[in-house]
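Undergrad: Take this structure, written in structure tokens, and hold onto it; I'll ask about it next.
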Amino acid sequence: MRFRLIFSALVFWFACTHPLAAQVRDGRSLVKASLIADTTAVVPGRAFQAALVLEMAEGWHTYWEYPGDSGLATSLDWSLPEGFIAGPLEWPLPDAKLEPGDIQIYGYSGRVVIPVTLTPPATLSGDSVTLRAKASWLVCAEICVPGDEALELGLPVATSALPANGELFDAARRLVPSALPPPFELRWARSGADVLIGAPGREISFFPLPRENEAVGHPVAVAAGEVRLSMPFPARGVLASGFGSERRGWLVVEPAEPPALPLSLGWALFYGFLGGLLLNLMPCVLPVISLKIFGFIRQAGESRWSILSHGLAFTAGIFAWFLLLGSVVVGLRAGGGEVTWAFQFQNPWFNMAIGSIVFVFALNLAGVFEFVLPGKAAGALEATGNREGLAGSFFQGVFATLLATPCTAPFLGTALGFAFSQSAAVILGMFAAVASGMALPYVMLSAQPSWLKIIPKPGAWMERLKQFMAFPLFATLVWILSILGGQRGVEGVVWFCAFLLCLGLACWIFGAFCGPLSKPAVRWFALALIACLVAGGAGYFLPHRAEGTSSEDAIEWVGFTPGRLQAETAAGRTVFVDFTADWCITCKFNERTAINTPSVRRILRERGIVAMKADWTNANPEITAALKSFGRVGVPFYVIYPGTGMPVPLPELLTENLLLEALENAR
């Protein structure tokens with residue numbers, strides 16, 4: 001920032017001493033400045049827009065709000081009548097230019113229209129008002145020349161007004177960056193001070209908006225749909241896409257860094273080992289320990305070494321099973337390329353997948369349903385394991401682990417959540433750690449059979465322990481939801497929870513009607529219902545994104561205020577007002593099924609209908625008054641205000657066809 005100011009001062013000095021300076025000392029000879037308004041009159045209390053218009057001589061340019069490596073931003077200092085409120089300058093998308101000396105600047109050439117919203121007081125009196133402002137700019141070509149001009153704009157005061165300068169304002173508003181997220185996937189990747197911004201399948205450019213004293217490198221297109229620059233975290237600026245009349249921009253901020261891995265690798269492996277050890281306390285595993293050790297003793301007689309050999313063979317079977325699972329994970333992961341922990345948790349789909357697994361396993365531990373192998377399969381596995389010698393003990397270890405699936409699955413799910421995001425070596429190490437924990441009691445008791453007396457007796461406490469261990473998994477789910485909320489907002493979390501509700505119901509149906517005692521017809525019907533619940537819930541709820549990101553032509557909502565509503569209708573524009581609230585379930589259902597649909601988005605865009613959201617989540621007197629004016633005391637409520645004519649209220653339970661018909665008939 002200091003460099004830019006020093007450089008600007010040098011440029012200014014050079015401008016004053018350059019041979020051409022005598023001809024262009026006054027920036028006003030190179031820039032024609034004026035004020036315009038989008039209305040023919042000022043209506044008391046009704047917001048309208050004015051704009052600073054700068055028309056530069058050919059070959060000269062002025063600067064954007066962040067001028068780049070040199071230059072000064074254009075400014076507009078208002079001197080307004082009492083009670084008027086002026087908003088900030090609404091900067092249109094600039095052009096980037098690399099000047100000699102590797103100087104990156106952002107500015108405008110030709111003509112630029114910079115809007116600003118003005119709100120007059122509701123008590124405004126008199127026949128007319130005069131709006132005064134001083135515009136200052138720096139105009140540059142080979143040299144830079146400062147300029148300024150005192151501007152005035154006189155407007156009558158009236159109770160109604162017509163739109164004015166519509167073509168200029170419409171073009172400028174299209175180029176003003178939207179505060180909504182871009183309607184396409186945006187990827188961020190950071191390496192130290194460098195940040196890579198990617199939008200697959202799109203041509204993009206980036207205009208940085210650094211904070212005070214922040215140094216920024218030049219944005220460089222490194223590949224199709226990718227821009228790299230050096231900028232302190234978090235990077236912020238304007239992302240632009242498209243060309244000509246289709247060019248659009250969005251204000252973007254680099255998302256918060258993904259949550260740091262809460263455990264070091266050593267601690268993670270230790271907890272994997274501890275989880276494997278705890279498996280032996282589960283109801284389906286604990287009774288097996290004594291039976292297997294006594295079996296080793298019967299097989300081996302009194303030989304301590306023989307007993308230990310059978311215990312080690314049994315342990316090898318446990319390791320074989322877990323390492324086989326680890327190898328499967330490595331194979332699946334290899335098909336998706338190299339990824340890292342941070343990348344996975346930056347992906348909301350990954351978070352939803354892991355959250356769903358954790359939720360299902362937590363329900364299993366809580367007793368909503370059980371994982372049970374079919375009786376014939378279990379019997380076949382046990383029969384295969386009942387062979388003599390060390391090979392028999394090995395296969396017993398394999399099949400004992402497999403038969404303990406109802407208890408191992410929850411822990412394996414947690415391990416998989418970690419393992420899918422790590423290297424192949426760490427994946428296998430994690431499964432080996434779990435196997436070590438589970439195998440430890442067999443090794444110790446094979447070495448010291450007299451220790452069998454310390455094994456706690458099975459009892460009701462095991463079922464209580466199993467249920468208790470569901471709560472750490474629910475806590476993990478809460479953590480995953482917090483990450484998802486940062487990625488997809490409150491609505492994203494709500495819709496994902498709606499899917500979890502379907503998933504939970506499916507698990508309950510599985511536990512209630514798919515047990516070994518259920519009739520085949522009932523079981524098949526239940527499985528079909530489960531498939532419908534899971535597939536339907538995933539298809540309906542999971543694709544839903546936070547507002548503004550559901551499609552490439554998403555509805556661009558504007559906030560409701562009476563002044564803004566009056567300004568839009570006075571300009572002859574039709575307005576669709578959605579009275580809604582975050583806590584209103586019917587509102588969300590209507591938005592999902594009837595409002596935020598391709599057909600409605602298309603008609604809003606083609607007819608230039610303003611979509612206005614009256615958010616009543618928190619108390620708002622203006623929205624309350626608007627509802628009462630229609631005799632309503634709650635939401636949802638929908639009204640179409642035609643450019644001319646009376647407002648048209650719509651029913652609370654909205655359908656897409658009904659809304660389309662009402663919008664078609666609006667004039």
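Undergrad: Test residue 160 against the stated conditions and say whether it is loosely packed, with under 15 Cβ neighbours inside 10 Å and of a type outside the set (A, V, I, L, M, F, W, C).
TA: Values: loosely packed, with under 15 Cβ neighbours inside 10 Å: yes; of a type outside the set (A, V, I, L, M, F, W, C): yes.
When the stated conditions are applied, residue 160 passes them.
Undergrad: Please give the number of the condition residue 628 fails out of (1) at pLDDT below 85; (2) of a type in the set (D, E, K, R); (3) under 16 Å from residue 569 (Cβ atoms).
TA: Among (1) at pLDDT below 85; (2) of a type in the set (D, E, K, R); (3) under 16 Å from residue 569 (Cβ atoms), the lone unmet condition for residue 628 is (3).
Undergrad: Continuing with the same structure: Of everything in the range 331-354 that's of a type in the set (A, V, I, L, M), closer than 30 Å to residue 497 by Cα and not in a loop (DSSP other than H, G, I, E, B), which residue is modelled with the highest pLDDT?
TA: 352
Undergrad: Quick one: in the range 512-535, which of the residues that are modelled with pLDDT of 85 or more and of a type in the set (Gly, Ala, Ser) is surrounded by the most Cβ atoms within 10 Å (Cβ to Cβ)?
TA: 526
Undergrad: Is there a residue in the range 599-617 that is assigned to a loop (DSSP other than H, G, I, E, B), out of contact with any Ser or Thr (no Cβ under 8 Å at 6 or more places or on another chain) and among the aliphatic types (A, V, I, L, M)?
TA: Checked against the condition, which is being assigned to a loop (DSSP other than H, G, I, E, B), out of contact with any Ser or Thr (no Cβ under 8 Å at 6 or more places or on another chain) and among the aliphatic types (A, V, I, L, M), the range 599-617 yields no hits at all.
Undergrad: Answer yes if at least one residue in the range 575-591 is hydroxyl-bearing (Ser, Thr, Tyr) and either touching a helix residue (DSSP H, G or I) at 6+ places or on another chain (Cβ under 7 Å) or in contact (Cβ under 8 Å) with a residue 24 or more places away in the chain (or both), and no otherwise.
TA: Within the range 575-591, the first condition is being hydroxyl-bearing (Ser, Thr, Tyr), and the residues that meet it are 580, 586.
Next, from what is left, pick out any that are either touching a helix residue (DSSP H, G or I) at 6+ places or on another chain (Cβ under 7 Å) or in contact (Cβ under 8 Å) with a residue 24 or more places away in the chain (or both): 580, 586.
So far as the range 575-591 goes, yes, one or more of its residues are hydroxyl-bearing (Ser, Thr, Tyr) and either touching a helix residue (DSSP H, G or I) at 6+ places or on another chain (Cβ under 7 Å) or in contact (Cβ under 8 Å) with a residue 24 or more places away in the chain (or both).
Undergrad: So is residue 298 basic (Lys, Arg), modelled with pLDDT under 85 and either in a helix (DSSP H, G or I) or touching a helix residue (DSSP H, G or I) at 6+ places or on another chain (Cβ under 8 Å) (or both) or not?
TA: So residue 298 passes the test.
Undergrad: Just one of 567, 546 is outside any loop (DSSP other than H, G, I, E, B) and modelled with pLDDT under 90; which is it?
TA: Only one candidate passes the filter, namely 567.
Undergrad: Could you say whether any residue in the range 629-650 is surrounded by 12 or more Cβ atoms within 10 Å (Cβ to Cβ) and part of a helix (DSSP H, G or I)?
TA: no
Undergrad: Among the candidates 207, 184, single out the residue that is hydrophobic (A, V, I, L, M, F, W, C), in a loop (DSSP other than H, G, I, E, B), in contact (Cβ under 8 Å) with a residue 24 or more places away in the chain and surrounded by 14 or more Cβ atoms within 10 Å (Cβ to Cβ).
TA: 184 is the lone residue from the list that is hydrophobic (A, V, I, L, M, F, W, C), in a loop (DSSP other than H, G, I, E, B), in contact (Cβ under 8 Å) with a residue 24 or more places away in the chain and surrounded by 14 or more Cβ atoms within 10 Å (Cβ to Cβ).
Undergrad: Another one. Could you check how many residues of the range 510-527 are under 41 Å from the mean Cα position of the chain (by Cα) and part of a loop (DSSP other than H, G, I, E, B)?
TA: 2
Undergrad: Return the residue satisfying two criteria in turn: it lies in the range 570-595 and is among the polar types (S, T, N, Q) and crowded, with 19+ Cβ neighbours inside 10 Å, and of such residues it is farthest from residue 541 (Cα to Cα).
TA: 574
Undergrad: Here's a follow-up. All but one of (1) touching a residue at least 24 places away in the same chain (Cβ under 8 Å); (2) more than 24 Å from residue 634 (Cα to Cα) hold for residue 606; which doesn't?
TA: (1)
Undergrad: Scan the range 651-667 for residues that are surrounded by 13 or more Cβ atoms within 10 Å (Cβ to Cβ) and within 19 Å of residue 565 (Cα to Cα) and report the count.
TA: Selection size over the range 651-667: 3.
Undergrad: Could you say whether any residue in the range 104-118 is modelled with pLDDT of 90 or more, over 16 Å from residue 172 (Cα atoms) and among the charged types (D, E, K, R)?
TA: No, because not a single residue in the range 104-118 is modelled with pLDDT of 90 or more, over 16 Å from residue 172 (Cα atoms) and among the charged types (D, E, K, R).
Undergrad: Based on what the data block shows, is residue 71 modelled with pLDDT under 90 and either within 30 Å of residue 205 (Cβ to Cβ) or surrounded by 16 or more Cβ atoms within 10 Å (Cβ to Cβ) (or both)? Steps first, answer last, please.
TA: On the way: modelled with pLDDT under 90: yes; either within 30 Å of residue 205 (Cβ to Cβ) or surrounded by 16 or more Cβ atoms within 10 Å (Cβ to Cβ) (or both): yes.
Here the answer is yes, as residue 71 does meet what is asked.
Undergrad: Further, regarding this structure: Can you pull out every residue in the range 601-620 that is β-branched (Val, Ile, Thr), closer than 20 Å to residue 665 by Cβ and surrounded by fewer than 20 Cβ atoms within 10 Å (Cβ to Cβ)?
TA: 603
Undergrad: Hydrophobic (A, V, I, L, M, F, W, C) and either in a loop (DSSP other than H, G, I, E, B) or over 27 Å from residue 565 (Cβ atoms) (or both): which single residue out of 113, 129, 145 fits that description?
TA: 145 is the lone residue from the list that is hydrophobic (A, V, I, L, M, F, W, C) and either in a loop (DSSP other than H, G, I, E, B) or over 27 Å from residue 565 (Cβ atoms) (or both).
The values are calculated or read from the model by the stated rules, or taken from the named source; none is laboratory data. Source: prediction; values computed, not measured. Ideal geometry is used to build each Cβ from the backbone, glycine not excepted, and the neighbour counts take in all protein chains shown.
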